[in-house]
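So the structure is just underneath, and the comments pick up after that.
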Amino acid sequence: MSSHYEAPIRKPLVIGDKSYHDITVDVARPVETRANKQWWTVFTIALIAFLWGAGCMVYTIGTGIGTWGLNKTVGWAWDITNFVWWVGIGHAGTLISAVLLLFRQKWRMAINRSAEAMTIFSVVQAGLFPIIHMGRPWLAYWVLPMPNQFGSLWVNFNSPLLWDVFAISTYLSVSLVFWWTGLLPDFAMLRDRAVTPFSKRIYSTLSFGWSGRAKDWQRFEEVSLVLAGLATPLVLSVHTIVSFDFATSVIPGWHTTILPPYFVAGAIFSGFAMVNTLLIIMRKVVSLEDYITIQHIELMNIIVMITGSVVGIAYITELWVAWYSGVEYEQYAFLNRATGPYWWSYWLMMTCNVISPQVMWFKKIRTSILGSFIISIIVNIGMWFERFVIIVTSLHRDYLPSSWTMFQPTFVDAGIYIGTIGFFFVLFLLYSRTFPVIAQAEVKTILKSSGENYKKKRENENHSHNH
Amino acid sequence: MSTKVLHVLYNDDDVLMDAVKTTRAAHHHIEEVFTPFPVHGLDKAMGLKPTRLAICAFIYGLCGLSFATFMMNYIMIQDWPQDIGGKPSFSYIQNMPSFVPIMFELTVFFAAHLMVITFFLRSRLWPFKKAENPDVRTTDDHFLMEVALHGSEEEALEFFRNTGAVEVKVIDKH
């Protein structure tokens, strides 16, 4: 018992009188039972949105990018906004699974599986946008370093857009193997509980024959640690490189050195908000409130508040640097953001991203389910507008006032965006009924140190020693 | 010829740890331990050597870094140098700041994937591989220690029941 000591001041991470077997049963329940009516309702809505989006994508590819609201001045708009938004959301998963692992944060264990799933599903959405924006997606493989005979030239390794190809594909594939490696023991648990031959076969395949030998576990832990060490700089590099898409250009409002850290903070900010949105619903639907506790939500809220403040400081620094630079174009770009025709999107971004997370200073709000849920939605709206502000307001009034214009999205722009939200939820909902949504093997390792019943038992023992 | 092994089941990780220590002290040979989750310190208690996967990952990372360097040097400097924004196109080292992101990404890509592949091969994990845990409870809440049986069966059974086992079985292994 003594080896499982944890300071009594730390709140329990697993609530209730749980044994190892209870954890198994609780995590396996959503997989082994049938989906309820609400699940089917939400799934149907998501599926319709996805199909609508797929239709819009087919229309775009069949007819051309002209179906979007782009024009000669605003050549990038919703597509890149959505791309950056989805990549940003993806960042929280790796942060929870990798950075918090390096910092030995036990609270990551109940949420890392779903956060990583969210990462993978949102990076898939992000990847769709550059591919359909190519216009001829069947030639997407041209972004790979192909020999000369394929086209006229090699790809350009000086281009941040190509760095993005490498960064996003490394990120997606490494996140996927990180996730899957962690899933093996949990799939094995489902396999060994399966009653029908069909599910037995499925989970047997998915678990790669995991047997849980002592040596396997030793390797498993080493691999997790090294992957966390690799994924930590990787996740920071991904959004840094996404910001290079803008920062290495000569467009006022984009050409700023603050963009990499500002993008990374924004990504973590929106990612944690999305984890909160998803988990607040999921913990309820699959009855895992004992594992994803109010404390987990509170800790995520604190991260949202901190990164929101970092983003706020970045916005203000940007303004200051624009003024201090003495560059007229730069100064105008920022003046135009705040007071130009797109002023409403700028102030929406400021309100949602800088002001709204500040309510998390109040313990009452950051421990309230409804409050956290509302703020998490507001933050993601704000972060979408942040990208819209950066991209569209910097482009719509360029160096040549005669080409100044506005951007008007078409139904296709909106349809594709809604479609990716639908696709994301389709994947997440399917995941939540077929995958072990909590890393149960890892939660079992902290049960004795952080389980409510064990903590109480220890406390009682201490009391009886004192008397 | 078949050899006999004992399957000793525990339902608590602390009991298992103590049992592993007493078993080794009594000079019984532990063939294998199957656990539902990583029991910290179990590998040391069993006398397993540390894994060298991290060293592999480092070497794979170096491979990725060299691959990125050779690839970009060949493509951008040797095969088809281009003047892009006036960046130096005839010297890798001078053009390198632009190549750092991809050098980094490929280092991570190679290190991560090759390490995981090595892990899967070494631990014999792949799709359609049959699981080898002898008891399905070892992925739930039971811990199984497989011990080679030498000498008297009765004595051994008695010994392991005293280590806090919830179940001791004699298994014929072919």
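Counting just the residues of segment A:160-191 that are among the aliphatic types (A, V, I, L, M) and under 30 Å from B:LYS87 (Cα atoms), which one comes out farthest from the other protein chains (Cβ to nearest Cβ)?
Looking only at segment A:160-191, we keep the residues that are among the aliphatic types (A, V, I, L, M), and these are A:161-162, A:165, A:167-168, A:172, A:174, A:176-177, A:183-184, A:188-190.
Applying the additional criterion that residues be under 30 Å from B:LYS87 (Cα atoms) yields A:161-162, A:165, A:167-168.
On the way: A:LEU161: 11, A:LEU162: 8, A:VAL165: 9, A:ALA167: 5, A:ILE168: 9 Å.
Residue satisfying both the conditions and the ranking: A:LEU161.
Among the residues making up segment A:278-320, those that are assigned to a helix (DSSP H, G or I) and among the small types (Gly, Ala, Ser) are A:GLY308, A:SER309, A:GLY312, A:ALA314.
Scanning segment B:117-148 for residues that are part of a loop (DSSP other than H, G, I, E, B), more than 23 Å from A:ILE202 (Cβ to Cβ) and of a type in the set (Ser, Thr, Tyr) returns no hits. Among the residues making up segment B:7-53, a single one is in contact with a helix residue (DSSP H, G or I) (Cβ under 9 Å, 6 or more places away or on another chain), without any contact (Cβ under 8 Å) to a residue 12 or more places away in the chain and aliphatic (A, V, I, L, M): B:LEU48.
In segment B:27-58, what count of residues is obtained for those that are of a type in the set (Phe, Trp, Tyr) and within 7 Å of chain A (Cβ to nearest Cβ)? Residues flagged as of a type in the set (Phe, Trp, Tyr) and within 7 Å of chain A (Cβ to nearest Cβ) within segment B:27-58 amount to 2.
Taking first residues from segment A:119-146 that are in a loop (DSSP other than H, G, I, E, B) and partners that are surrounded by 22 or more Cβ atoms within 10 Å (Cβ to Cβ) and among the aliphatic types (A, V, I, L, M), the Cβ contacts under 9 Å between residues at least 6 apart in sequence or on separate chains come to A:PRO145/B:MET72.
Report whether or not A:PHE220 is closer than 30 Å to A:TRP163 by Cα, within 14 Å of chain B (Cβ to nearest Cβ) and not in a loop (DSSP other than H, G, I, E, B). In short, no.
Does B:GLU105 count as of a type in the set (D, E, K, R) and modelled with pLDDT of 95 or more? Reasoning before the result, please.
Values: of a type in the set (D, E, K, R): yes; modelled with pLDDT of 95 or more: yes.
Considered against the rule, which asks whether it is of a type in the set (D, E, K, R) and modelled with pLDDT of 95 or more, B:GLU105 comes out as yes.
So that you can scan it fast, the table gives a plain yes or no per residue for (1) surrounded by fewer than 18 Cβ atoms within 10 Å (Cβ to Cβ); (2) in contact with a helix residue (DSSP H, G or I) (Cβ under 7 Å, 6 or more places away or on another chain):
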position: A:ASN156; (1), (2): yes, yes
position: A:TYR171; (1), (2): no, yes
position: A:MET189; (1), (2): no, yes
position: A:PRO233; (1), (2): yes, no
position: A:PHE244; (1), (2): no, yes
position: A:PRO252; (1), (2): no, yes
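Checked against (1) more than 7 Å from chain B (Cβ to nearest Cβ); (2) of a type in the set (A, V, I, L, M, F, W, C); (3) crowded, with 16+ Cβ neighbours inside 10 Å, A:PHE208 passes all but condition (1). In summary, B:GLU132 fulfils each of the numbered conditions (1) more than 9 Å from chain A (Cβ to nearest Cβ); (2) surrounded by fewer than 20 Cβ atoms within 10 Å (Cβ to Cβ) with the single exception of condition (1). Would you check if A:GLY62 is part of a loop (DSSP other than H, G, I, E, B) and over 30 Å from A:GLU222 (Cβ atoms)? Here the answer is no, as A:GLY62 does not meet what is asked.
Is one or more of the residues making up segment A:27-34 touching a Ser or Thr at 6+ places or on another chain (Cβ under 8 Å), farther than 30 Å from A:LEU236 by Cα and not in a helix (DSSP H, G or I)? Working first, answer last.
Step one: list which residues in segment A:27-34 are touching a Ser or Thr at 6+ places or on another chain (Cβ under 8 Å), which gives A:29-31.
Subset that is farther than 30 Å from A:LEU236 by Cα: A:29-31.
Those still in the list that are not in a helix (DSSP H, G or I) too: none.
Checking segment A:27-34: not a single residue is touching a Ser or Thr at 6+ places or on another chain (Cβ under 8 Å), farther than 30 Å from A:LEU236 by Cα and not in a helix (DSSP H, G or I).
Applying the selection to segment A:1-31, what residues are at pLDDT below 90, within 14 Å of another protein chain (Cβ to nearest Cβ) and exposed (fewer than 15 other Cβ atoms within 10 Å of the Cβ)? Of everything in segment A:1-31, those that are at pLDDT below 90, within 14 Å of another protein chain (Cβ to nearest Cβ) and exposed (fewer than 15 other Cβ atoms within 10 Å of the Cβ) turn out to be A:MET1, A:SER2, A:SER3, A:TYR5.
Test of understanding: among B:GLY151, B:GLY85, which residue is away from chain A (no Cβ under 12 Å), assigned to a loop (DSSP other than H, G, I, E, B) and not β-branched (Val, Ile, Thr)?
Working: B:GLY85 fails: away from chain A (no Cβ under 12 Å).
On inspection, the qualifying residue turns out to be B:GLY151.
From the list B:LEU48, B:LEU6, B:LEU65, B:LEU16, pick out the single residue that is touching a Ser or Thr at 6+ places or on another chain (Cβ under 6 Å) and either part of a helix (DSSP H, G or I) or aliphatic (A, V, I, L, M) (or both). Spell out the reasoning first.
Numbers: B:LEU48 fails: touching a Ser or Thr at 6+ places or on another chain (Cβ under 6 Å); B:LEU6 fails: touching a Ser or Thr at 6+ places or on another chain (Cβ under 6 Å); B:LEU16 fails: touching a Ser or Thr at 6+ places or on another chain (Cβ under 6 Å).
Result of the check over B:LEU48, B:LEU6, B:LEU65, B:LEU16: B:LEU65.
Would a scan of segment B:62-70 turn up a residue that is among the small types (Gly, Ala, Ser), modelled with pLDDT of 90 or more, touching a strand residue (DSSP E or B) at 6+ places or on another chain (Cβ under 9 Å) and under 30 Å from B:PRO50 (Cβ atoms)? No, segment B:62-70 has no match at all.
Per this entry, B:ALA19 is not counted among residues that are crowded, with 17+ Cβ neighbours inside 10 Å and facing chain A (nearest Cβ under 10 Å).
The values are calculated or read from the model by the stated rules, or taken from the named source; none is laboratory data. Computed from a predicted structure; not experimentally measured. Reconstructed Cβ throughout: ideal geometry from the backbone, glycine too, with neighbour counts over all protein chains shown.
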